[in-house]
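So the structure is just underneath, and the comments pick up after that.
The values are calculated or read from the model by the stated rules, or taken from the named source; none is laboratory data. Note that the structure is predicted; figures quoted are calculated from it, not measured. Cβ coordinates were reconstructed from backbone atoms using ideal geometry, including for glycine residues, and neighbour counts include every protein chain displayed. When the accessible area is computed, the model is the full protein with side chains, heavy atoms only, and any ligands, DNA or RNA have been set aside. Shrake-Rupley method; radii C 1.70, N 1.55, O 1.52, S 1.80 Å.
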Amino acid sequence: MDIERKNIQAYEYLCHVEEARDWIERCIGEEIDSKSFEEQLRRGVILAKLAKIIKPEVVKKIFDAEKLQYRHSDNINYLFEAMKKINFPENFIFELTDLYDKKNIPKVIYCLHALSHYLEVTGFLHPAVKNFVGKLEFSEEELNNLQEDFKASGIILPQFRNVEAAVQKEISNSMANLTSDSEKKPLTEEEKRDLYYRENVDKIIKVQSAARGYIARKEYDKEYGNILKNKDKIIKIQATMRCYLQMKKYNERKKYFKEHEASIVKLQSMVRGKKARQKYLDRKNYYERNIDKIIKVQSYVRRFLAMKCLKELKSGKTTSHTVHRYLKLMGDNSLDFDYESEMEFLRELAIRKIRENIELEKEVNALDIKIELLVKNKISIQEVFHASKKKKKNAPENETVESIFTSKTPDKESRRKFKLYQNLFYLVQTNQKYLAKLMIKLNSIGSSQIKTIENTVMSLYGYAQNNREEYLLLNLIKKTIEYEVEDIHDINDFWRVNPIFIKLVLHYCRGAKEQQYLRDLLQPLIKSVITCDGLELESNPVAIYKNIIREAEFNSGQKPDKKYDVDAKEALSDEETKKAYINHLQKLREITNKFLDAIIASLPNMPYSIRCIAMELSTHFMEKWPNNQADVTKILGNLIYYRYINPVICAPEGFDIIESNINQIQRKNLAEIAKLLHNISVNKPFADDNQWLQPLNEYIAIAAKKFAIFFNKVACVESAEVHYQIDEFDDLAKTSNPVIYISPKEIIEVHQCIIEHIEDVETNEKDPLRIILKDLGDPVTTETSEKEIQLTLVNIFADVNDDGNSEMNRLYKKTKNMVLDIILIQNGKSILDALNRPTTEDLEYSFKCLIKQKIIYEKLLKEKIEQERKELENPNIKLSTNTNPDHDSNDNNDKPNTNEANENTNPQDQDESENKKNLTKIRSESITQLKNITFAEYKKMTKENLEKLEGFRDIKKENEYQALLTIITKEIINKNIHRKQRIAEIQKLKQTIGNLKQKEDYLLSQKTQYHQYIDGCMAKLSDNKKPKPTIFSRQYYYLKKLEKEGKVPKFGSYQYTAEQLHKRQILESINGVNQKLYGAIKFTISSDEVGIFNIVAKAKLFDPTEITITLDELLDARYNEIQTLTICDGLAKVNVNLLLHLINKKFYS
C-alpha cells in the first residue's frame, strides 16, 4: 500500500508539472518541449517571458544562450521582481537555488500553480492551470525514477490540492491585514469551527472517505466470509435449480415437437431448400460481381504452384516428374519453336546474302583496280605521245617514292601492305581483346608507349562520334574491366591499383555528349556558388579566426586587441569565430545538399555510355564478390562521382562550365563542396585529418544512403547491343566501310608496339592478328609523317562461321520439342523411363488433342511466313528503314558516277522465296504425318532421333538423357527471356536482311557501271585516229594486201619480224630457234575487238601459231610485276612492259 501511495504521489506530481507547462505555453504563446521543460526553467528564458507578460517594465534583456550559464539567473530574477510588483505572497515564492541548482524543483512548480491562481483571482491573467490528474499516462519507469529522486533528495512534495485554498487564504489575510486592528472582534466557537472546516475541508473529506471505506470493507469481508464458508452448499443448490429448470423446459419442447413432427419436418426441408438456393444464388452473384478478382486469385494460386515447381527446377535436382508438373500448370506454347525456326531461316538467309555480297564486293574491288590500271595506262600513253611530239631526248626524271599509306599507288607490294594495315586496324578496332591486353600490359610495366596507345585509341574509335564507334569503344572498356577485375584477388585491392579502364573513361568523358550533360547539370550550381557575394566555406577555425582579424584590421585601420597566432581551441573560444565556423558548416551542408539533389534528379538525362560502364563494372565485381554489395557501391561511387563529376566541380573552367577565371576563395569553396560530396559518395566519415568537418559525419551517413541508391540505379540499364541495335552482321550489311583518321607515324607505332608484346596479346599462331603481322613483316621506320590520313578499314576475314552442324541442330531442336510433348502427356522418372512406359487410350487422346493444337499453331506460322515471303518478293516493301546513304562519299573523278538508278533485279530473290516455300511445305508435311501416327509411334520416332543424337551436346543414353533434360529445364526457367530475345533477334535479322538487300543492289549497280566505264574507256582509246603508214613502207604494203583480201581488222594490224622485235627488246627468245633465223619469222599483231589482240607467228620452220591476249591480262601481269610472258603455246617469250608500250603506241596513241 505504501508503494502504491507513493506511485500515486509521483503520478500526481508529473501531472502538476504538465499543468504548469501548459499554463506557461498559453501565457507566452509558445510551444515548450515537455522533455526539456525543467532545463528551460533553469535557463529562465520562459520565466522571463512570463514576467514580461505580467509586468513588461521589469524585463530588460533576456539572456538566451543555449548552454546554461550563471547569467541565466538574471532571467529568473525578472520573475521575482514581477511577483513582487503584484504583491504575490512571499511564502509561495521559491529560492533561486531551488531552481538554478535543482534543490527543490517541486517548490518551483508549486509556486507557478499558486501564481496562476493568484493572477486569476486578482485579474492579471486568466484562466489558471488546468487539472490533468487522471487524464495523462506515464510509464512505470518514469514514476519509479521520480520516486527514487524524491527519496534521494529528501524533498517533501507540497500539497497541490490545497494551493487554490491557500492562495485564497493569503488573499483574505492580506485583505484582513488592511483592516484596522481596532475594528477586530473576537470569534465565537461556531465561527471558529466553521473557519477550521473551511481551512481543512480537504483533510476532513479525506478522513471521511477513509472511514467510509473502512466500514464498507469490513461489511464486505463479513459477507464474503459467510459465502466462502458455505461455498459447496451454495454451488450444489444452484446446480440443482438449473438442472430442474432445464429439464422442465426440455420436456415441454420435446412434447411439442412430438405432436407437430410432420409439420416440423416439412418446414425444415423448405427452410433448408430455400437457404441452399439462396446460398447458391448469393455465391453465384458474388462470383459474377467479383469475376476479375476471382480470376486474379486463381492466377495467383497457379503462379504459386508454378513458382513452387520452378524452385524445384532451379534447385538443380531436375527430374522428368518436375518438368511434367510444371508443363501441366503452365501449358505448352509451340510458337516458341516457331520463333526459333523463323529465326533460323532468317539467319541462314542473312548468311547467304552476306556471302553473296562478299563475292560481289571482291568483283567490284577487282574492277576498281582494273579501272585504276587503265587510267594509269592512259596517262602513260599520253606522256609518251607528248614526249615523242616534242622530241625531247632528255633522260626521264626519277620518280618520287610514294608512301605506302595510299590506295592510289599501282605498286602491288605497297597496295598489299596498305590493305594489310586496313585489315589490321579493323581487327584491332572490332576485336577489343587485343587492345585491352596490350594496354593492361603496358600499364603494368609502366611503359612510355601507353600514352601513344591511349591517344591512338581515341583516333581509332573516332572519339565515339557515332553509334558504331561508341559501341566498340564501350566494348573495349568492358573487355578491359573484365581482364582487370580477373587480376584483382581482393576487392580492397581496387583502391591500391591504377586500372587502365579508368584512364579510358577519363579520355572518353571529355566527349561532347558527356560535357553537355555535365554543363546542364553543374553550370547553374557552380555559378550560384561563385556569384554569391561573401560566401566562404572555410572549415578550419584558425583560418577563420585569422581572416576575421585581417578583415578587422583592413576595415578599421587599427590592430585589434587579439592574439594573432592561436591554436584551434583558442580560436573557437572567440565567439565571433565560433559563430562564423558554425555558419560555414551550415552553408556547406546546405549547398552540398543542393548539388546532391541535382545529381540524383539528373539520372534520366545521364548519357548512356557512363551508365553502361557502371553496369559492366558492377556486374563483374558482383560476379566475383556477390556478398560485397556495399564495397561495389563504393567503387561505383568512385567511378561516377569522383572520376566523372568531381573534376568538373573542382576545375569548371577546364570543362567550359564557366568562361571567366575564378579566384582563390571561390576555388576553395568548390573544393570544400567536392570534398564533402566525395566522402558521401564512398560513405566515408571525416577522420582526424579533417576533424573540423567531423560535425557533418551524421549528415554524410544519411546522404550516403541516397547516393548509394542513385549509384545502383545508374548501373541498371539495357545492354549496349540492345541500346545501339548492333549485331554481328552490322558491318557486313553496310555499303561503305568504316573510316578512321590517323597519321602514318601512329600506325607504325601501334604496329611496333603490338609486335613487341605479341606474346602477351595473342599466343595462338593461327589467330588472324598473328597471320596479318606475319604478312606485314617489320614496321617501315621511314614512315614518320604526322599528317593524318583517311584509312578505310577492311575485313579480309569477313565470313560467317558455320560449324557444319546445321542438320544436327535441326534434328536436335525437333527432338527436343518431341521430348517436351511426351513429358507433357506422360510422366516418368526420366526421359528414357517416359519413353519406355506403355501408352493408354487416355494418353492417345491427349496426344491427338496436342496435335490439333500444333496444327492451329502451324496455320498461324504459315500465314506469317507467307506474309514475309510477299515482303521479300515485293521490292517496294522494305524490311528495314535503316539505310546508309554514305556510299557515294568515296567516289573520285576518275571513277564513274554511281548515283544512277540500277534497274537490274537480284536473281537470288526467287531462290529465297523458294526456300521459304520449301520450309513451309516441309513443316506442313511433318504436321500432316503426325496426324496419322499414334502416340506409341511418336515415342518410337523420338527414340530413333535420340539415338542419332548420341554424343551431340553430351546427350547419352547411359544417363537416361539427363543432359537433354537439364537443357530443357534451363530453357523453361529462362523461357520468357528467350522469347523476348528471339523476337528482338528476328526483328534485327529482318532489318539486317533489308540492309543487305540495299547493299546488294548497290554492289550490282557498281559492278554494272564499272563494266560500262571500262568498255567506254577501251572504246575511247580505240577510237583515236591512227597515223597512216609511210608510202612504200613495209607496213604500207602489208595493209594493201589485207585490203585486197578483205581482212583488214577493225582497229588495225601490224607486222614485224622477230629480228625487229628482238632489237626493240620486246622479244626475248624463241624456243629452239637460232637468233640468225629471226629475220625469217614474222609476228602479226591485230585487233578486231576492243582490248583484244591476236598475235600470229608464221615461219617455214613451224606451223603458224596464234594466240589471243587481252589488254586486261597484260595490265594484270604488269601489276603483278611479271617481267616475261610466254606466248604462242610456249614458242616465244616477250617483255610485258615493252609489249604494252608497243600496243599503246600503235593502237591507242
For this session: For the pairs K451/K774; K527/K587; K813/K948, note any where the Cα-Cα span goes beyond 19 Å.
Result: K451/K774
Exercise. What percent do you get for the relative contact order of segment 1034-1148 when only Cα pairs under 8 Å and 6+ apart count?
Worked result: 23
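Under 8 Å for C-alpha pairs, at least 6 residues apart: give me the relative contact order for segment 1-160, rounded to a whole percent. Don't skip to the end; give the middle numbers.
Values: 155 pairs, mean separation 43.4, N = 160.
Worked out over segment 1-160, it gives 27 percent.
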For this session: Would you mind calculating the gained length between K684 and Y70 on full extension (0.36 nm times residue separation, minus the Cα-Cα distance), in nm to one decimal?
Result: 217.0 nm
Seminar exercise, completed: A student asked for the Cα radius of gyration and Dmax of segment 195-315 in angstrom ought to give 34.6, 94
Exercise. Out of N1144, T1105, Y1056, whose Cα points farthest toward the positive end of the dipole of segment 1034-1148 (charges: +1 Lys, Arg; -1 Asp, Glu; placed on Cβ)?
Worked result: Y1056
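Taking 0.36 nm per residue of sequence separation and subtracting the Cα-Cα distance, how much length would be gained by fully extending the chain between K103 and D597, in nm to one decimal? Display every interim value, and only then the final one.
Working: separation 494, 0.36 × 494 = 177.84 nm, distance 5.05 nm.
Here the answer is 172.8 nm.
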Problem set entry | Debye, to nearest 20: dipole size of segment 195-315, +1 on Lys, Arg Cβ, -1 on Asp, Glu Cβ | 700
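Calculated FRET efficiency, I295 and C849, Cβ-Cβ r, R0 30 Å, to nearest 0.05? Numbers along the way, then the final one.
Working: r = 24 Å, r/R0 = 0.80.
That gives a FRET efficiency of 0.80.
Which pairs, out of K254/K275; K419/K479; K441/K745; K816/K862; K433/K478, put more than 18 Å between their alpha-carbon atoms? The partial results should precede the final answer.
On the way: K254/K275 25 Å; K419/K479 27 Å; K441/K745 22 Å; K816/K862 22 Å; K433/K478 10 Å.
Beyond 18 Å between Cα atoms: K254/K275; K419/K479; K441/K745; K816/K862.
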For this session: Estimate the FRET efficiency between D760 and N712 by the formula 1/(1 + (r/R0)^6), using the beta-carbon distance for r and 41 Å for R0, to the nearest 0.05.
Result: 0.70
Exercise. What net charge do the residues around D631 carry, taking every other residue with its C-beta under 15 Å from that of D631, with Lys and Arg at +1 and Asp and Glu at -1?
Worked result: +1
Seminar exercise, completed: If R0 = 30 Å, then E1043 and N1071, at their Cβ-Cβ distance, give a FRET efficiency to the nearest 0.05 of 0.35
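Work out how much length E788 to D775 would gain on full extension: take 0.36 nm times their residue separation and subtract the Cα-Cα distance, in nm to one decimal. Could you put the intermediate results ahead of the total?
Values: separation 13, 0.36 × 13 = 4.68 nm, distance 2.43 nm.
Working it through step by step, the gained length comes to 2.2 nm.
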Seminar exercise, completed: Hits in segment 618-642: amide N under 17 Å from the 7 Å Cα→Cβ extension of A651, namely 642
Exercise. Using unit Cβ charges (K, R positive; D, E negative) and no other charged atoms, how large, in debye to the nearest 20, is the dipole of segment 646-728 about its Cα centre?
Worked result: 540
For this session: For Y13, Y214, write out the residues from largest to smallest accessible area, computed with a 1.4 angstrom probe and no ligands counted.
Result: Y214, Y13
For this session: Between K957 and L228, with labels modelled 7 Å along Cα→Cβ, what's the label distance in nm to one decimal, could you check?
Result: 9.2
For this session: Express the Stokes-Einstein translational diffusion coefficient of segment 618-752 in µm² s⁻¹, to the nearest whole number, given a Kirkwood radius over alpha-carbon pairs, 4 °C and a viscosity of 1.567 mPa s.
Result: 68
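Before anything else, pin down the relative contact order of segment 622-726: Cα pairs under 8 Å, at least 6 apart, normalised by residue count, whole percent. Kindly include the intermediate steps, with their values, before the conclusion.
Working: 70 pairs, mean separation 29.8, N = 105.
So the answer I get is 28 percent.
Shape verdict for segment 47-197, please, from the Cα gyration tensor: rounded (a/c under 1.5), prolate (a/b greater than b/c) or oblate.
Details: a/c = 2.16, a/b = 1.32, b/c = 1.64.
In terms of gyration-tensor shape, oblate.
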For this session: Mind putting a number on the dipole of segment 561-704 about its Cα centre? Charges go on the C-beta only, +1 for Lys and Arg and -1 for Asp and Glu, and I need it in Debye to the nearest 20.
Result: 280
Problem set entry | All-pairs alpha carbon distance profile, segment 1-107, 10 Å steps from 0, percent | 14, 43, 32, 9, 2, 0
Seminar exercise, completed: Given the candidates V17, F124, V59, the one whose Cα lies deepest towards the positive end of the charge dipole of segment 1-132, counting +1 at each Lys or Arg C-beta and -1 at each Asp or Glu C-beta, is V59
Exercise. Looking at segment 1034-1148, how many pairs of lysines come closer than 15 Å at the Cα, when each pair is eight or more places apart or spans two chains?
Worked result: 9
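Express the Stokes-Einstein translational diffusion coefficient of segment 665-731 in µm² s⁻¹, to the nearest whole number, given a Kirkwood radius over alpha-carbon pairs, 10 °C and a viscosity of 1.306 mPa s.
Numbers: Rh = 14.7 Å.
The calculation lands on 108 µm²/s.
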Exercise. Quick one: how many Å² of V271 are accessible to a 1.4 Å probe, rounded to 10?
Worked result: 60
